[in-house]
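Colleague: Here it is, the structure in full.
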Amino acid sequence: MRLVKEMKVLAVGAHPDDIELGAGASISKHEKTGDLVHFLILSFGEKSGNKTDRKIEAWKSAQILKVKSLTFGHLPDTMISSGIETITVIENLINKIKPDRIYTQSPKDRHQDHRNTAYATFSAARRMKEVLCYESPDSYPDFVPQYFVKLNAKALSQKIEALHQYGSQKGKAFLEKKAIRGLASFRGYQIGVLYAEAFEVARIIDV
């Protein structure tokens with residue numbers, strides 16, 4: 001659903017690589033159609049690697065996806081709350097860029113940072129018309145998407161290239177090409193196309 005010709009998009013993630021895993025190919029499609037995409041990464045993911053390395057990897061990944069801006073929330077990894085501190089970080093950027101759509105994590109997730117990012121986004125984006133939740137390798141089985149984005153091979157390849165920048169996470173099964181393509185194939189199969197990314201709808205208001 002597109003409300004404007006040139007859409008402003010805000011993608012929110014708890015850690016570096018969360019956004020790319022859940023919505024990287026959709027971000028690529030946005031860029032190809034002239035939309036302006038902004039990333040907000042709430043922590044540096046320092047519990048899973050060196051803080052500086054993770055920050056550099058995130059920048060490299062964002063450059064491949066041609067993201068308009070990348071902002072770090074400077075919140076502590078594994079201790080992101082759903083409270084006012086997190087809400088304020090997200091809300092401040094919403095007020096600054098005034099996005100038409102927000103992608104965020106799903107509350108149906110095993111990782112507390114992911115769940116709390118979702119809940120904080122819901123509060124910060126309470127006046128937004130479009131809020132979509134992406135899946136992660138930690139999503140619960142009851143993640144049930146209602147919104148699908150059809151992908152071409154180029155968008156999927158760009159997602160894989162962006163995730164390839166996270167060298168500090170090398171060896172994690174969910175970052176392997178076959179895992180990324182496998183999920184995209186499964187979501188595509190569900191809607192009768194080759195590849196897709198899938199999202200739960202937190203809110204879509206038609207105007």
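Just so you know, all these numbers are worked out from the coordinates, no wet-lab data involved. The structure displayed is predicted, hence computed values, not measured ones. Note that each Cβ is placed from the backbone with ideal geometry, even for glycine, and that neighbours are counted across all protein chains shown.
Colleague: Of (i) 0.99; (ii) 0.95; (iii) 0.92, which is the value of Rg/Rh (Cα atoms, Kirkwood Rh) derived from the coordinates here?
Modeller: (iii)
Colleague: What net charge is computed for the residues neighbouring ASP109, neighbours being all others with C-beta under 14 Å from the C-beta of ASP109, Lys and Arg scored +1, Asp and Glu -1?
Modeller: Working: positive: LYS108, ARG110, ARG115; negative: ASP18, ASP113, GLU135, ASP138, ASP142, GLU200.
Counting the neighbours of ASP109, the net charge comes to -3.
Colleague: Here's a follow-up. Using a Gaussian network model of the chain with C-alpha springs under 10 Å, which one of ASP142, ASP18, ASP77 is most mobile by mean-square fluctuation?
Modeller: Looking only at ASP142, ASP18, ASP77, the largest GNM fluctuation is found for ASP142.
Colleague: Give the order of MET79, MET128 when sorted by the count of other beta carbons within 10 angstrom, beginning with the fewest.
Modeller: MET79, MET128
Colleague: Another question, if that's okay. Need one number: % antiparallel among DSSP beta bridges in the chain, to the nearest 5. Walk me through the intermediate numbers first.
Modeller: Numbers: 11 of 28 bridges.
In the chain, approximately 40 percent of DSSP beta bridges are antiparallel ones.
Colleague: Given the C-alpha centroids of region 137-160 and region 51-117, what is the distance between them in whole angstrom?
Modeller: 18
Colleague: Of the candidates ASP17, ASP138, ASP109, which one comes out as most mobile in a Gaussian network treatment of the chain with C-alpha springs shorter than 10 Å?
Modeller: ASP138
Colleague: Would you look at the GNM of the chain, springs on alpha carbons closer than 10 Å, and say which of THR117, THR52, THR86 moves the most?
Modeller: THR52
Colleague: Going by amide H atoms built from the backbone, whose H comes under 5 Å of the H on TYR195, apart from near neighbours?
Modeller: LEU151
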